[in-house]
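Below: the structure, in structure tokens.
The values are calculated or read from the model by the stated rules, or taken from the named source; none is laboratory data. Predicted model only: the values in this text are computed from it and were never measured. Note that each Cβ is placed from the backbone with ideal geometry, even for glycine, and that neighbours are counted across all protein chains shown.
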Amino acid sequence: MKSVIHPAPDLAEARTVEQHVRGDPGSGFHSSQEMNDPVDLLFGGMEKLGPGSNADTRHVLSLLPARQFGVVVDAGCGSGRQTLVLARELGTQICAVDWSQLFLNDLVRRAGAANLGHLVQARRMNMKDIPQAFDYIDLLWSEGAAYNIGFSQALATWAPAITPGGFAVVSEISWLDAQAAPPAVKEFFRTGYPDIHTVDENIRAAEGSGYKLIATHTLPRRTWIDGYYEILRPKASALLKHSDPSVRDFAAETLREIEVFECSEDSYGYVFYVLQRVRRFSGGLIWL
């Protein structure tokens, strides 16, 4: 579970990565950042902002029955690890949406370095505003970000923008075995993310919002550690001595999250829900 739980403000005009790299004055993007922000201090420069891996992104992408999409949106893209995988695998432009200018700037840099700048469009906006920003979406991808507005709420919010027969691939922190969860784990989620649900509950929520389940995929435990917690732990530990109490508190919360994971006994995990949008008729649901 990402520790980045901050509101997502404004909508900014979208421009291609190449325009940002060239410093196009019409881009509306700025390089300066407030580096006293706890999120910026802890997560700035990291390739991974949550559990996952390129191999898992590619695997989940292979579960889709289609490989050609007109409009692809990566909602809550962060610094864009998975965005670059999608661009490389699909060979089509990916519209990468996030609230953080710091993360979008990082994505721009990474896309340029990978010679994928022409396939990535960075757009600063609130994920809730996606239906107002896109007339239609053929594939909506979101790794580890939907919880910012709630899994069920995110699916319901995005549904009108997804074409009938289109797809949503969303990963969400989920109970894998809630009964086996140690007391410390249950308490952590009771206070930190009470909206966590079981896989079956999330599937029912998706179906209730007009989606058909195609497949699920649970991230291996190792993907939480490699390139994520193994980097986050020393960064958070160093920030415990920061002069700003909000930074110290955020660092301590992050270290607590890692401790809970280590004693979780696989009671929870990140699960990909591979979904297809359906059309509602008065007689029921027609799968497209």
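Here is how the numbers come out for the structure above:
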read-out	value
All positions within segment 110-132 that are aliphatic (A, V, I, L, M) and buried (at least 17 other Cβ atoms within 10 Å of the Cβ)	Ala111, Leu116, Leu119, Val120, Ala122, Met125, Met127, Ile130
Segment 113-141, residues that are under 13 Å from Leu86 (Cβ atoms) and among the aromatic types (Phe, Trp, Tyr)	Trp141
Residue list for segment 145-157, restricted to those being without any contact (Cβ under 8 Å) to a residue 60 or more places away in the chain and either more than 19 Å from the chain's Cα centre (by Cα) or outside any helix (DSSP H, G or I) (or both)	Ile149, Gly150
Criterion: hydrophobic (A, V, I, L, M, F, W, C), farther than 26 Å from Asp40 by Cα, under 18 Å from the mean Cα position of the chain (by Cα) and surrounded by 15 or more Cβ atoms within 10 Å (Cβ to Cβ) - qualifying residue of Leu102, Leu139, Leu107, Leu176	Leu139
Test: Tyr211 is surrounded by 13 or more Cβ atoms within 10 Å (Cβ to Cβ), over 25 Å from Ala161 (Cα atoms) and of a type in the set (Phe, Trp, Tyr)	no
Subset of segment 43-63 (residues that are out of contact with any strand residue (DSSP E or B) (no Cβ under 6 Å at 6 or more places or on another chain), more than 20 Å from Gln121 (Cβ to Cβ), modelled with pLDDT of 95 or more and among the hydrophobic types (A, V, I, L, M, F, W, C))	Ala55
Odd one out for Leu275 among (1) in a helix (DSSP H, G or I); (2) in contact (Cβ under 8 Å) with a residue 24 or more places away in the chain; (3) under 16 Å from Ala168 (Cβ atoms)	(1)
Near pairs, Cβ below 9 angstrom, 6+ apart or cross-chain, from segment 254-267 (under 14 Å from Ile173 (Cα atoms)) to any residue that is assigned to a loop (DSSP other than H, G, I, E, B) and modelled with pLDDT under 95	Glu257/Met1; Glu257/Ser3; Phe261/Met1
Only one of Gly91, Gly70, Gly78 that is surrounded by fewer than 19 Cβ atoms within 10 Å (Cβ to Cβ), on the phi > 0 side of the Ramachandran plot and touching a residue at least 12 places away in the same chain (Cβ under 8 Å)	Gly91
Criterion: under 24 Å from Ile162 (Cα atoms), of a type in the set (Val, Ile, Thr) and at pLDDT 95 or above - qualifying residue of Val108, Val97	Val97
Those residues of segment 168-210 which are more than 11 Å from Val271 (Cβ to Cβ), of a type in the set (Phe, Trp, Tyr) and modelled with pLDDT of 95 or more, in sequence order	Phe188, Phe189
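Residue-wise test of (1) in contact with a Cys (Cβ under 9 Å, 6 or more places away or on another chain); (2) under 30 Å from Ile258 (Cα atoms); (3) hydrophobic (A, V, I, L, M, F, W, C); (4) not in a helix (DSSP H, G or I).
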position	(1), (2), (3), (4)
Leu107	yes, yes, yes, no
Pro131	no, no, no, no
Asp135	no, no, no, yes
Asp138	no, no, no, yes
Ala159	no, no, yes, no
Val170	no, yes, yes, yes
Glu187	no, yes, no, no
